[in-house]
Amino acid sequence: MDFDSYTAQERAAWVAWQLATGVELSTKEIAEHLSVTRQGAESIMNRVSRVAPVYKDVDYDGRWRKFNHTT
């Protein structure tokens, strides 16, 4: 996919969908997939995590993943 023409909302929706379907991504991977800086990817994820049940697992491997009530 060519994310250069995508809006910020479309990028956020893509990431949210990936996480909702069980894909776990690092900030670096998100930045590379979306053609944004790591800072941009972190900003997107901070906004997504405000409204979607996702979190960055800083205690384990720093990957973004969906919240699971059993974890």
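Values quoted throughout were computed directly from the atomic coordinates according to the rules given, and no laboratory measurement underlies them. Predicted model, so just to flag it, every value in this text is computed and none were measured. For neighbour counting, all protein chains shown are included, and Cβ atoms are generated from backbone atoms with ideal geometry for every residue, glycine included.
Using the alpha-carbon atoms, what tilt in degrees (0 to 90, nearest 10) does helix 38-51 show relative to the longest principal axis of the chain? For 38-51 against the chain, the angle is about 60 degrees. Taking Cβ atoms as reference points and 11 Å as the exclusive limit, the residues near GLU42 contribute a net charge of +4, counting Lys and Arg as +1 and Asp and Glu as -1.
Helical content of the chain, expressed as a calculated mean residue ellipticity at 222 nm, amounts to -15000 deg cm²/dmol (DSSP H runs of 4 or more residues, -39,500 (n - 2.57) each, divided by residue number, nearest 500). If you wrap the tightest convex hull around every Cα atom of the chain and split its volume per residue, you get 81 Å³.
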